[in-house]
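Each reported figure results from applying straightforward, stated rules to the coordinates on display, with no laboratory input. Keep in mind it's a predicted model, so treat the numbers as computed, not measured. Note: ideal-geometry Cβ built from the backbone for every residue, glycine included; neighbour counts use all protein chains shown.
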Amino acid sequence: MKTGIDAIAFYVPQLYVSMEHLAHARGIPAEKLKRGLGLEKMAVPNIGEDAATFAANALLNLIVQNNINPREIGRVYLGTESAVDGSKPTATYAVEIVEKELEKQHGLRSFKNCDVLDMTFACVGAVDALHNSLDWVKQDSSRKAVVIASDLSKYDINSTGEYTQGAGAVAVLVSHNPSILSIHDTWGVASKSEGDFFKPRRTYKKQDLLKTVLEEFNVEASEDAIDTFIQSTSSQFWSDSNSVVEVFKEEPVFDGQFSNACYNDRITEALEHFGEQKQTDFLKDWSQFIFHLPYAFHGRRIIFDNWLNWLKQTENYNALIDTIGNPENTDQKAWQKAAYKSELYNTFINEKINSGELASSEIGNMYTASIFMSLLSYLSHNHNQSIDITNKTIGFIGYGSGSKSKVFEGTIQKNWTSRLNNINLFDYLNNRTSIDVETYEKIHTSKVDSPVLDGSKIALKFIEKEDTNYGLRRYNVKR
C-alpha cells in the first residue's frame, strides 16, 4: 500500500522587506542579490511570532483547509532548529494553541492520544521527522501523522547571511493512499560531523561582564568588591548562583564557503548511496529536483557538479563539448563556468528546478521548512498553470549542517490538484505588507515591544515570571 503526503498547508509571516530596499541600505547592487541569488523579498516575523506560532498556524490551516479530524492524528512531529525552549518541545506549544482553537468543533483535548515531538538536525530535521513518521504510518493502515517544519532564519545585521533570512512553516499530513505524493522506500543517507554552521551556548563570566560595565562608566572597583556585590545583590540577574551567564542566540556561527562544500559533499554521498540501493538515471528518471534552499538559486548551483558527472554518461556531453569546447584544451575553471552558463544546463534548470525556487525568492531561507516549501512551490506553480504532473517522479535533496543529507523520491498522485485548491500560495505571498529597513532592524534587534500594524492572529501573549513556571510561554489567538 502506498504511503506519503496526503495534504499540505503553510504559514509565512505577513511582513517582508524587499531586496531593493535592503540592498540600498547596505550599499550593494540589488541585481547582485536578485540575479545572483534569486532573492526578491525576505519574510520578517512580527513581534510575538516564533517557531511555535508558525507551526500552530500551519497545523491549523492543514486541519481546517482539509477538514481533518484531529483525533485521527496519531503523532505530530516538528522539525525545527528554532526551538523556544531547551526542554519542553516547541511542538507542544503549537498543539496546545491549535487544540484550544478546535474545542468548539472537536471537544476538549482533541490531541490527547497524540505523540508530540521535536526533531533537530539543522535544516534536515523535518526530513528526519518525515522519514520517521512514514515508517510509523506504514505499520498500520489506520495511522495518520502530521509533520511540521517550522523555523526562523536569523543572521547578524550586515553579515553575509543577512540577505538570505526568512521564516515560516509547512505542515503535511502523512497517510496511506495519499492524494498528493507517494514516497518510495529508498533513502540515500550521508552523515559526517562538521562545524559548518551551529548555534553554540555562549558563556560569559559575571565578573568580566560587571568589570567591563564599570570601566565604561569610569568606576573603579576591586575584584573583591565585585564578588561581594554579586554575592549580596538582590538582582535576579546578578544573584544567580552560576558564575557565568549563559547566552543563546538565534544568529549562528557559520562559514558560508565551508558550508557549501559540506552541502555538496553530503548530497553527492547521499545520491551515491541512493543509487547503490536503487539504480537510477537521475537526469532521466527524475522530472523535478526539490532542494533544501538556503537561498532560491542554491539548488541549481549545488547540483551542478553532479549534473556534469551524470551528463558525461550521455550523448549530450558531446553536444556540450561541441558548444563550449573540450575541457582538456582550456582552463578547467573557465570551462566549468561556461558549462554552467550553457544552454544545456539552463534548460535543465528551467525544466527541473525553477518552479521549486519561486516561493523561496519571495520568502528567504526557512531552514527545515525550505525543502517542503520548494515542494509546495512546484505543486502550486503547476496547478496555477494547469500543467498535469500526475505520475511524475520527483527527487528530494535535503541537507542539514553539522552535517547530514537525505535523498528520496516520490510520485505525484492523480488527486494532487484537489489538495491545492484552497492554498493560493502565490496570491498570499503577493498580498503581504512591506516594511522599511529601519522597522525590520528594530524587530531584528528587539528594540520594539509592540507588534507592527495589527500584529498576527496567533502570537505570544506573555512569558510567566513566577518561580515555579518562570519562562513558560503563553500564546493568544485573535478571534
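Can you compute the radius of gyration and Dmax for the stretch 1-82, using only the Cα atoms, both in Å?
Rg then Dmax for the stretch 1-82, in Å: 17.9, 56.
Any lysines with Cα under 20 Å of the residue 206 Cα? List them, leaving off those in the same chain fewer than 8 positions away.
Once the sequence-local lysines are set aside, what remains near residue 206 is 249.
State to the nearest 20 debye the size of the charge dipole of the chain about its Cα centre, where the only charges are +1 on K and R beta carbons and -1 on D and E beta carbons. Don't skip to the end; give the middle numbers.
Values: 50 positive and 62 negative charges, 290 e Å.
Once rounded to the nearest 20, the dipole reads 1400 debye.
Show me 14-25, 42-53, 445-456, 65-76 ranked by packing, highest mean number of other Cβ atoms within 10 Å first. Walk me through the numbers on the way to the answer.
Working: 14-25: 19.6, 42-53: 24.6, 445-456: 12.4, 65-76: 17.7.
Result, highest mean first: 42-53, 14-25, 65-76, 445-456.
Per residue of the stretch 157-168, in order, report the coupling 6.51 cos²θ - 1.76 cosθ + 1.60 (Karplus, θ = phi - 60°) as ³J(HN,Hα) in whole Hz, putting x for Gly and Pro.
So the Karplus estimates, Gly and Pro as x, are 4, 6, 7, 5, x, 4, 5, 8, 4, x, 6, x Hz.
For the chain, what is the mean residue ellipticity at 222 nm derived from helices alone (per DSSP H run of n ≥ 4: -39500 (n - 2.57); sum divided by total residues; nearest 500 deg cm²/dmol)? Numbers along the way, then the final one.
On the way: 19 runs with 184 residues, N = 479.
Per the formula, -11000 deg cm²/dmol.
Quick check: from the Cα gyration tensor, does the stretch 202-247 come out rounded (a/c under 1.5), prolate or oblate?
On the way: a/c = 1.97, a/b = 1.27, b/c = 1.55.
It is oblate, given that a/c is not under 1.5 and a/b is not larger than b/c.
In degrees from 0 to 90, rounded to the nearest 10, what is the angle of the helix 125-138 Cα long axis to the longest principal axis of the chain?
70
For the stretch 229-319, which chymotrypsin sites (Phe, Trp or Tyr not before Pro) are in a loop by DSSP, counting at most 13 other Cβ atoms within 10 Å? Before the final figure, lay out the partial values.
On the way: sites: 229, 237, 238, 248, 254, 258, 263, 274, 282, 286, 289, 291, 295, 297, 304, 307, 310, 317; in loops: 237, 238, 248, 286, 295, 297.
Here the sparse-neighbourhood loop sites are 237, 248.
What distance in nm separates the simple spin-label points at residue 333 and residue 278, each placed 7 Å from Cα in the Cβ direction?
Between residue 333 and residue 278, the label points sit 3.9 nm apart.
When the Karplus curve 6.51 cos²θ - 1.76 cosθ + 1.60 is applied with θ = phi - 60°, which whole-Hz ³J(HN,Hα) does each residue of the stretch 460-467 get, with x for Gly and Pro?
5, 8, 6, 10, 4, 10, 5, 4
Under 5 Å between amide H atoms, partner at least 5 residues away or on a different chain: which partners does residue 119 have, H built in plane at 1.01 Å?
Here the answer is 78, 79, 80, since their amide H atoms fall under 5 Å of that of residue 119.
For the chain, find the longest principal axis of its Cα atoms and tell me its angle to the long axis of helix 90-101, 0 to 90°, nearest 10.
90
May I ask you to work out the translational diffusion coefficient for the chain at 25 °C, viscosity 0.890 mPa s, via Stokes-Einstein with Rh from the Kirkwood sum over Cα pairs, reported in whole µm²/s? Each step should come with its number before you reach the end.
On the way: Rh = 23.9 Å.
Diffusion coefficient, whole number: 102 µm²/s.
If packing is taken as the mean number of other Cβ atoms within 10 Å per residue, what is the order of 128-134, 162-168, highest first?
Numbers: 128-134: 22.4, 162-168: 25.1.
In descending order of packing, they fall as 162-168, 128-134.
With the crude spin-label approximation of a point 7 Å out along Cα→Cβ, what separation in nm comes out for residue 142 versus residue 213?
Output for this residue pair reads 5.9 nm.
Starting from the Cα gyration tensor of the stretch 370-443, take the square roots of the eigenvalues, sort them a ≥ b ≥ c, and report rounded, prolate or oblate (rounded when a/c is under 1.5, otherwise prolate if a/b is larger than b/c, else oblate). Please report the intermediate quantities before stating the final value.
On the way: a/c = 3.87, a/b = 1.30, b/c = 2.98.
Note, shape of the stretch 370-443 comes out oblate.
Which residues in the stretch 21-60 have a backbone N closer than 20 Å to a point placed 7 Å from the Cα of residue 463 along the Cα-to-Cβ line?
Only 45-56 pass the distance filter.
Percent relative contact order of the stretch 202-247, based on C-alpha pairs within less than 8 angstrom and at least six residues apart? Let's see the in-between values first.
Numbers: 31 pairs, mean separation 28.1, N = 46.
RCO, the stretch 202-247: 61 percent.
Give the distance, in whole Å, between the Cα centre of the stretch 73-148 and the Cα centre of the stretch 417-456.
24
So how tilted is helix 370-384 from the main axis of the chain? Cα-based, degrees 0 to 90, rounded to 10.
The answer is roughly 50 degrees.
Taking only C-alpha pairs under 8 Å that are 6+ residues apart, what is the relative contact order of the chain in percent?
This gives 24 percent for the chain.
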